[in-house]
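Beneath this line is the structure, given in structure tokens, with notes to follow.
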Amino acid sequence: MQEMQSVSNFTNYYIYAELVKKGKLKIDTRAITRDNWNHHFQGILNILRDGIETPAVQGLFIEPFFEVNQSLSVELNIMDYLLNLMMWFPIVYIEQTIKPEHLFFEKFTTADAIKAYIDKNIIDPNKISIENKLLNNAIADTVYHFSYIDEFALFLANTLNLEDDIDIMQKSKDYFNLLHADLSNVPIGEVKDKGMELVHDAIDNYIMKSNEIVGYDHCLKYAFGAQEGINIRQYKENNINIGTKPDGQGSIYHDIINSSYINGGLNNLVAQYIDNGASRVAQIISKKNVGESGGFSRILGLNNMDTHIHPDKNYDCGTKNFVHITVKDKKHLSMLDDRYFRFERYGLEFKIKRTDYGLIGQKIWLRSPITCKSHAEGHGVCYKCYGDLGHTNKDISIGRIATELITSQYTQKRLSAKHLLETVIKIIKWVPQFNDFFEIANVNEISLKEDIFKNKQMSGWKLRIKTQDIQLENDDEFFKHRSFSDDMHASEDDGPFVDQFINSFEIITPDDEVYTKITAVGEDGNPIDEKLYISNKLASMISKAIEDEDIVIDNIDVDIPLNELQDIELFLLKIQNNDLGKSLDIFTDTINKKAVTKSYDKDTIVEALQDAAIQGGVKCQSIHLETIMASQICADTSRLEMPDWSNPDAKYEILTLNEALTDNKSVIVSLDYQKLAKALFYPLNKKKTAPSILDPFFMDKPKKFLNAQHEVWAEVNKPKIKKGECPIAFNHDHKGKKAPRDIKAFLAPFRVGLNFDTSSPSSIYI
């Protein structure tokens with residue numbers, strides 16, 4: 001009882017005073033309302049303030065019961081009950097009943113678990129029927145309530161120490177071996193994966209089970225459980241094994257650091273050099289990407305700021321065109337949540353849920369902003385093409401939110417390069433015949449197998465290299481103006497010749513027929529270009545094979561007997577690192593690199609963007625990627641016109657981001673892009689009359705214009721709006737419904753123009 005003396009301010013505990021007195025209390029959840037929720041919250045909070053450190057308070061239990069099932073009994077300790085009160089706040093805020101399924105009882109409270117709870121219980125059931133602002137306020141207040149937990153940080157916070165690890169190592173030899181991992185005999189391509197395997201073993205089987213092993217919780221148990229505060233890759237380097245490091249040139253250092261920072265550290269010059277080199281790479285990336293990421297975010301936002309939702313949530317544009325894509329796996333499926341699709345192009349329409357696992361592997365016809373007829377006509381993306389997320393985003397620019405969601409992650413990941421540097425070594429696959437003749441030694445050296453000379457008769461077999469296929473690393477046109485023999489002059493003792501490469505070569509039979517062509521292959525089994533750097537020894541042999549230096553050597557076959565190639569390295573591979581920068585650059589290349597962008601159609605570019613987002617660790621719905629692409633598509637006849645998506649065979653052109661901005665339908669957007677002096681004389685600008693949200697910034701009297709817009713809005717909305725009609729953009733016809741002539745006349749003086757066509761007044765979406 002002495003420990004309860006501090007918990008005696010009963011008036012501050014409201015109805016929970018009985019909880020303190022009795023140690024247990026039943027609560028009718030029907031009695032928790034919007035009006036009294038704060039009393040419930042403050043009552044529990046004040047109890048914890050007065051005695052959270054005491055076992056008596058820690059042992060208090062609340063038993064809530066529910067209207068739906070009053071027989072259901074669940075006991076929550078005081079901290080779990082506080083957490084549930086916070087999660088119930090939005091439910092009572094929107095004046096709904098707390099039900100048993102609203103219990104929040106996770107082993108570890110993670111950000112993902114909180115988000116999943118809010119999505120499932122608050123947003124998904126109510127986004128259509130309840131106003132956005134009400135839901136947003138409820139969710140924002142819920143998140144704010146979590147800040148009160150900071151008051152107990154001194155009691156709840158944990159400290160870091162090595163003693164916990166020592167105690168577990170004394171109990172378990174296996175844990176000792178984990179923290180003293182030796183990866184020297186692991187193939188370099190597997191070092192990173194092996195290290196991560198050891199990390200998960202240490203976390204799952206020892207740290208999370210530490211109470212069973214040593215009788216208390218490891219200091220990092222709850223940090224790992226909450227998935228906050230610790231980067232697992234950094235933990236691997238600090239506690240398990242540093243392993244491989246990227247060199248910043250698209251490859252990795254060929255040596256590994258076979259120690260961790262707490263066990264061995266950088267214990268030799270090679271390790272110090274590698275670690276310092278990686279740190280330098282991180283600094284260069286951070287410095288370089290500050291401007292790049294910010295600039296990219298600006299122009300992407302500029303091109304998408306005018307994309308909006310159709311004002312009528314019941315309107316269906318009736319498009320005859322769709323995005324035809326394959327749902328590859330669970331990640332791709334989750335990106336399509338709450339979207340509308342068809343199994344057949346002209347079949348019935350269904351809504352996708354992230355749990356519809358039967359869709360995985362299937363090719364579907366997806367409604368998309370890219371092919372939205374309403375968007376093409378300037379009325380805004382209809383809800384069917386956007387999906388049910390439109391009910392959440394109806395009051396904001398869907399183009400801007402798409403830009404912000406993607407570029408904010410893109411920028412942050414690039415600026416955090418020093419924390420995210422890792423090696424993901426690219427595994428090269430070869431045609432099946434490769435393994436019959438060749439092997440890869442010392443990570444990247446291709447040579448002939450020894451046993452082929454023991455088990456096969458190689459007499460007369462040759463390796464053929466076509467001189468026309470030999471390229472220089474930095475000059476693909478090299479052999480058009482220089483002699484092969486002039487450059488294949490190094491001696492066999494000079495080491496590898498790492499400048500010249502080929503992408504393929506042939507194995508020739510004794511009958512002088514092509515037995516096989518050796519090349520790298522992609523996932524589909526088709527040949528791909530992979531640089532095979534010619535070793536100096538092989539280069540010398542090729543040079544000697546050319547007997548007459550005066551002959552034209554741009555296009556000849558050089559045949560070297562396989563018997564002469566025993567025990568020598570033939571080709572060198574550059575170890576490729578699929579690092580973070582590469583993964584993220586795929587996104588920018590897809591939408592703004594002409595050779596890449598033009599290689600896609602509307603279907604394949606959506607799949608490419610989905611893959612890029614997943615590969616780069618960018619968490620977003622596919623709808624945002626498609627919304628961006630909707631602003632980079634036009635009719636194949638004119639870049640100032642949109643495709644006619646009512647035509648099942650509509651022709652279109654996909655533009656790069658640069659082209660979309662230069663030839664934007666709004667002159668203001670184009671002028672705000674870049675190269676203003678050049679843009680002022682760009683002939684196509686004289687034909688641009690489309691409105692933009694930027695228009696008022698270039699008006700003499702923007703306030704008068706905006707007031708006029710409100711007047712027009714009121715005038716046009718006097719009659720009831722019929723399904724399919726849009727009163728927002730007044731420079732468009734809406735199925736025969738036009739803005740009155742007097743309104744057009746009134747707005748005409750405010751039209752931004754440089755002697756442009758003023759027949760269509762400007763409009764702003766507000």
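The values are calculated or read from the model by the stated rules, or taken from the named source; none is laboratory data. It should be emphasised that the depicted structure is a prediction, and the values quoted were computed from it without experimental measurement. FYI the Cβ positions are ideal-geometry reconstructions off the backbone, even for glycines, and counts take in every protein chain you see.
All told, residue 243 meets the bar of being touching a Gly at 6+ places or on another chain (Cβ under 8 Å), outside the structural domain of residue 109 (by TED's automatic domain parsing) and small (Gly, Ala, Ser). Exactly one residue out of 137, 158, 126, 121 is surrounded by fewer than 16 Cβ atoms within 10 Å (Cβ to Cβ), under 30 Å from residue 384 (Cβ atoms) and touching a helix residue (DSSP H, G or I) at 6+ places or on another chain (Cβ under 8 Å): that is 137. The residues in the stretch 156-190 that are without any contact (Cβ under 8 Å) to a residue 12 or more places away in the chain, among the aliphatic types (A, V, I, L, M) and not in a helix (DSSP H, G or I) can be counted, and the count is 2.
When residue 171 is tested against (1) within 30 Å of residue 428 (Cβ to Cβ); (2) out of contact with any Asp or Glu (no Cβ under 9 Å at 6 or more places or on another chain), exactly one condition is not met: (1). Is it fair to say residue 20 is buried (at least 16 other Cβ atoms within 10 Å of the Cβ), at pLDDT below 90, more than 25 Å from residue 129 (Cβ to Cβ) and among the aliphatic types (A, V, I, L, M)? Taking the combined requirement at face value, the residue does not satisfy it. For the stretch 653-711, taking the residues that are surrounded by fewer than 20 Cβ atoms within 10 Å (Cβ to Cβ) and among the aromatic types (Phe, Trp, Tyr), the one that is modelled with the highest pLDDT is identified as 673. Candidates 455, 474, 442, 435: the one that is modelled with pLDDT of 80 or more and either basic (Lys, Arg) or over 30 Å from residue 231 (Cβ atoms) (or both) is 435.
Results for (1) more than 24 Å from residue 403 (Cα to Cα); (2) under 26 Å from the mean Cα position of the chain (by Cα), shown as yes or no for each residue.
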{"position": "309", "(1), (2)": "no, yes"}
{"position": "319", "(1), (2)": "yes, no"}
{"position": "323", "(1), (2)": "no, yes"}
{"position": "331", "(1), (2)": "no, yes"}
{"position": "365", "(1), (2)": "yes, yes"}
{"position": "375", "(1), (2)": "no, yes"}
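The residue that is modelled with the lowest pLDDT, among those in the stretch 256-271 that are more than 33 Å from the chain's Cα centre (by Cα) and more than 10 Å from residue 238 (Cα to Cα), is 267.
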